[in-house]
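To start, the structure itself, in structure tokens.
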Amino acid sequence: MKIISKTLKILPLLLLVVGLQSCSNDDDNNTEPQPMNIVETAVATSDLSNLVAALKAADGNLVSVLNGQGPFTVLAPTNAAFQKFLTDNGFAKLSDVPTDVLSQILLNHVIAGNVKSTDLVNAGSGYANTNATGPGDKNLSLYFNTSDGVKFNGVSKVAAADISATNGTIHVVDAVIGLPTVVDFALANPALSSLVAALQSADSQDPSPNLIPTLSANGPFTVFAPTNDAFASLLNELDPTGGTTLDDVDPATVEAILKFHVVSGNVTSDAIPTGSVTTLGGDVTINASNLTITDPNGRVSNIIPALVDIQAVNGIVHAIDKVVLPEMEQ
């Protein structure tokens with residue numbers, strides 16, 4: 001594993017406000033850095049002025065929240081990151097962003113607890129929960145990967161790490177982290193790249209079934225997401241000689257397969273039912289006690305316990321170890 005000095009670009013410490021303490025004997029004044037909380041540190045940092053303005057404008061009195069005891073870990077977008085977010089989303093200025101939306105976006109940059117860069121690097125990759133919420137008021141997930149620096153949801157990279165505050169830690173990031181959809185989580189995680197390729201293959205038809213736009217829309221959807229290993233196993237199942245790739249599978253067949261992995265609603269792992277469940281493609285049988293899915297061919301897929309409840313703004317993702325198939329001709 002790369003050491004922290006190789007994976008994070010640690011910038012110089014932010015300029016802190018220094019208080020002057022006078023001595024009663026009128027001799028030399030002593031200067032000492034005064035400890036500051038997260039909000040005070042952001043206010044004292046010129047490149048975080050847009051973040052401060054956003055905190056003041058958003059619903060939920062977020063300045064007071066982040067002035068609280070915490071601890072909090074804040075992923076703080078730079079001024080340039082905020083400007084790009086506004087431009088990319090068609091906003092002329094910060095005040096054009098609906099305040100309720102702005103609040104959720106900002107909360108998507110706040111993690112409960114004190115998460116240091118070493119914690120992330122030691123883990124390598126994985127998921128945390130932010131203070132933003134999705135369907136059923138469930139906290140949104142945040143994917144991190146440290147294979148090339150520290151990156152969040154595949155879109156935002158740490159530019160300055162481990163800025164200590166009295167009530168937590170700040171990591172300055174180079175992009176605003178939008179509210180993730182189930183598709184965003186598939187795009188972010190390299191272990192789901194074959195699923196992304198399958199979605200692209202299905203959507204390549206004319207006319208397109210538009211699976212990616214559909215799964216990027218409101219939902220909510222529950223997606224049982226096959227890993228790369230699951231797709232590799234399927235291709236080997238279809239052709240044990242190893243000569244078949246995903247590109248060799250007809251896009252209409254890929255579409256039919258993918259629809260067997262999507263259920264309407266935001267079904268968390270503790271609410272997965274037992275019995276027949278209707279997917280967008282047809283019925284499967286789920287056993288909630290051992291987290292298995294049996295397809296119409298009697299093939300059993302296991303829901304991976306370490307990769308469940310990946311909460312998006314429009315649904316939830318549970319990773320599985322085998323691709324679910326429609327009924328196959330005998």
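Is it the case, given these coordinates, that L192 is at pLDDT 95 or above, in contact with a strand residue (DSSP E or B) (Cβ under 8 Å, 6 or more places away or on another chain) and under 18 Å from T222 (Cβ atoms)?
Against the criterion (at pLDDT 95 or above, in contact with a strand residue (DSSP E or B) (Cβ under 8 Å, 6 or more places away or on another chain) and under 18 Å from T222 (Cβ atoms)), L192 qualifies.
Taking L258 and the conditions (1) under 17 Å from P326 (Cβ atoms); (2) part of a strand (DSSP E or B); (3) touching a residue at least 60 places away in the same chain (Cβ under 8 Å), which numbered condition does it fall short on, given that it satisfies the others?
Status for L258: all satisfied but (2).
Quick one: which residue in I310, I316, I286 is among the hydrophobic types (A, V, I, L, M, F, W, C) and in contact with a His (Cβ under 9 Å, 6 or more places away or on another chain)?
Residue meeting the stated conditions: I310.
So, restricting to helices (runs of 4 or more DSSP H) that lie completely within the range 86-190, which ones have at least 2 residues that are in the same structural domain as F224 (by TED's automatic domain parsing)?
In the range 86-190, 182-188 are the helices (runs of 4 or more DSSP H) which contain 2 or more residues that are in the same structural domain as F224 (by TED's automatic domain parsing).
Quick grid of which residues meet (1) closer than 24 Å to P180 by Cβ; (2) under 26 Å from the mean Cα position of the chain (by Cα):
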residue	(1), (2)
E255	yes, yes
V277	no, no
D283	no, no
A288	no, yes
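Considering the range 70-103 alone, what residues qualify as being touching a residue at least 40 places away in the same chain (Cβ under 8 Å) and not aliphatic (A, V, I, L, M)?
Correct list: G70, P71, F72, T73, P77, T78, F82, K84, F85, T99, D100, S103.
Out of all the residues in the range 51-72, is one or more at pLDDT 95 or above, assigned to a loop (DSSP other than H, G, I, E, B), among the hydrophobic types (A, V, I, L, M, F, W, C) and surrounded by 20 or more Cβ atoms within 10 Å (Cβ to Cβ)?
Within the range 51-72 (the criterion being at pLDDT 95 or above, assigned to a loop (DSSP other than H, G, I, E, B), among the hydrophobic types (A, V, I, L, M, F, W, C) and surrounded by 20 or more Cβ atoms within 10 Å (Cβ to Cβ)), the answer is yes, since at least one residue qualifies.
Identify all residues within the range 257-285 that are closer than 24 Å to L235 by Cα, surrounded by fewer than 19 Cβ atoms within 10 Å (Cβ to Cβ) and of a type in the set (V, I, T); write none if there are none.
Residue satisfying the conditions is T285 alone.
Can we say A42 is touching a strand residue (DSSP E or B) at 6+ places or on another chain (Cβ under 8 Å), surrounded by 17 or more Cβ atoms within 10 Å (Cβ to Cβ) and in the same structural domain as I111 (by TED's automatic domain parsing)?
Yes; evaluated as a whole, the condition is true for this residue.
Take the range 281-330 and flag every residue that is of a type in the set (V, I, T) and either assigned to a loop (DSSP other than H, G, I, E, B) or free of Cβ contacts under 8 Å to residues at least 12 places away in the same chain (or both).
T285, T292, T294, I304, V308, V313, V323, V324
Scan (1) surrounded by 22 or more Cβ atoms within 10 Å (Cβ to Cβ); (2) more than 22 Å from L307 (Cβ to Cβ); (3) within 19 Å of the chain's Cα centre (by Cα); (4) not β-branched (V, I, T) for the single condition A175 breaks and write down its number.
Tallying (1) surrounded by 22 or more Cβ atoms within 10 Å (Cβ to Cβ); (2) more than 22 Å from L307 (Cβ to Cβ); (3) within 19 Å of the chain's Cα centre (by Cα); (4) not β-branched (V, I, T), A175 fails exactly one: (1).
Quick test for you: out of V150, V182, V196, pick the one residue that is surrounded by fewer than 21 Cβ atoms within 10 Å (Cβ to Cβ) and at negative phi.
Going through V150, V182, V196 in turn, just one is surrounded by fewer than 21 Cβ atoms within 10 Å (Cβ to Cβ) and at negative phi: V196.
Limited to the range 119-148, what total is found for residues that are touching a helix residue (DSSP H, G or I) at 6+ places or on another chain (Cβ under 6 Å) and more than 23 Å from V39 (Cα to Cα)?
The total comes to 4.
Any idea which of D239, D229 is modelled with pLDDT under 95 and of a type in the set (D, E, K, R)?
The match here is D239.
Go over the candidates A188, A202, A232 one by one and state the one that is within 17 Å of V323 (Cα to Cα), aliphatic (A, V, I, L, M) and in contact (Cβ under 8 Å) with a residue 40 or more places away in the chain.
Of the residues listed, the single one that is within 17 Å of V323 (Cα to Cα), aliphatic (A, V, I, L, M) and in contact (Cβ under 8 Å) with a residue 40 or more places away in the chain is A202.
The values are calculated or read from the model by the stated rules, or taken from the named source; none is laboratory data. Note that the structure is a prediction, hence the values are computed from the model and not measured. Ideal geometry is used to build each Cβ from the backbone, glycine not excepted, and the neighbour counts take in all protein chains shown.
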